[in-house]
Every structure is written in C-alpha cells, then in structure tokens.
Amino acid sequence: MSELLKAVLMAEAVGLCFSAMIACGVISKRRKRKKCTAQAIGEITEILHEYGARNSYHHLRVRFDAGSFHMNAVEPCDCPPRAFSVGEKVEVCYDPADPQNFYVLANDRNSLNDSLFIAVAIGIPILMLFIALKVARGM
C-alpha cells in the first residue's frame, strides 16, 4: 500500500471519528430537549459576553419559576445577542424533573443547526471515501 493511500485512509479514520462525535453531540442534545416538557415565562436578567482568542461567545442569564424552584440560570446564546435585551420576557421550556435543563424558546435554532451538523457528519466520511477510491484507482 502506498504512503499516499495510507495517509488518505488515516484521514478517513479521523473523519469518521469526527463525524461520530458530532452525531453523539446532536443526539445527546435532542434527548435533553425532549425532556423539556414544561413551560414558563422568564425574564432575561443579563447578557454575558465572553471573549476568546478568536471568537466571542454570548450567554443569556434567565430568571424563571419552575414549579417550586426559582431559577436564575445561564444558557448559551444561539441567536445574535442583539436579538435579546435585558428585562425582556421570554418563553422558557424546562425539564420538570431537572429545571437546570432548560432553553429559551426564541433562542432555539437547534433544528437547523442539528441538520447542518448531521449533514457535515455524513458528508465528511463520504468525501474522504471518494478521495481514497480516487487515490487507489490512480495507482
């Protein structure tokens, strides 16, 4: 087996591992979201900004009542942070058994994100397989 084919097959293995991690993350997130069957009206009390070396991240601090629990929890912001304002009333979906598992309904763009992640997870190994076949035929 040539060195080029070995390199392509190694890339295929890395692509499969990467795809498996994406798929597991999406499935785990969907399972957690399915448990969020209760709803409440919450209030955004703070928009947190976190700056990294290359990216900035935003989180929403939301206060809401989940049965007998008074929650003041943080959720990553999937939408642009300017889509929300401090003091804004928002609809919150939460897990009655674990109110820390919640999400802001207006911030839930996960169906589109999940679809894109699954497409990438499927596309990477297929693309790498085509490259491996092309390299193998070229020998």
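The values are calculated or read from the model by the stated rules, or taken from the named source; none is laboratory data. Quantities reported herein were computed from a predicted structural model and do not represent experimental measurements. No Cβ is skipped: glycine too gets one built from the backbone with ideal geometry, and neighbour counts run over all protein chains shown. Heads up: the accessible areas ignore ligands, DNA and RNA and are worked out on the full protein's heavy atoms, side chains in. Shrake-Rupley method; radii C 1.70, N 1.55, O 1.52, S 1.80 Å.
Here are the numbers for this structure:
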{"read-out": "Among V62, V26, V90 - extreme Cα towards positive end, dipole of the chain, charges at beta-carbon", "value": "V26"}
{"read-out": "Nearest-10 value in Å² for the accessible area of T37, using the 1.4 Å probe", "value": "100 Å²"}
{"read-out": "Cα gyration tensor shape of the range 1-96, rounded if a/c is under 1.5, else prolate or oblate by comparing a/b with b/c", "value": "oblate"}
{"read-out": "Largest to smallest accessible area among H59, H70, H49 [probe 1.4 Å]", "value": "H70, H49, H59"}
{"read-out": "Heavy-atom accessible area order for L133, L60, largest first, 1.4 Å probe", "value": "L133, L60"}
{"read-out": "Pairwise label distance in nanometres, L105 with C17, each label 7 Å out on the Cα-Cβ vector", "value": "4.2 nm"}
{"read-out": "Charge dipole (debye, nearest 20) of the chain; +1 at Cβ of Lys and Arg, -1 at Cβ of Asp and Glu", "value": "500 debye"}
{"read-out": "Spatially proximal lysines relative to K134 (Cα-Cα < 26 Å; intrachain offsets below 8 disregarded)", "value": "K6"}
{"read-out": "Under 12 Å from K32, Cα to Cα: aspartates and glutamates that are on another chain or at least 8 residues apart", "value": "D95, D98"}
{"read-out": "Helix-only CD estimate at 222 nm, as mean residue ellipticity for the chain, using -39500 (n - 2.57) per DSSP H run (n ≥ 4)", "value": "-15500 deg cm²/dmol"}
{"read-out": "Area accessible to solvent at Y57, 1.4 Å probe radius, in Å²", "value": "110 Å²"}
{"read-out": "Accessible area per residue in Å² at 1.4 Å probe, computed on the chain", "value": "66 Å²"}
{"read-out": "Rel. contact order, % - alpha carbon contacts under 8 angstrom, at least six apart, the range 8-86", "value": "22 percent"}
{"read-out": "Fraction of accessible area attributable to carbon and sulfur, the chain (%, probe 1.4 Å)", "value": "62 percent"}
{"read-out": "By accessible area with a 1.4 Å probe, ligands and nucleic acids excluded, highest first: order of I131, I41", "value": "I41, I131"}
{"read-out": "Span per principal axis, largest first, for the Cα atoms of the range 1-51 (Å)", "value": "62, 31, 6"}
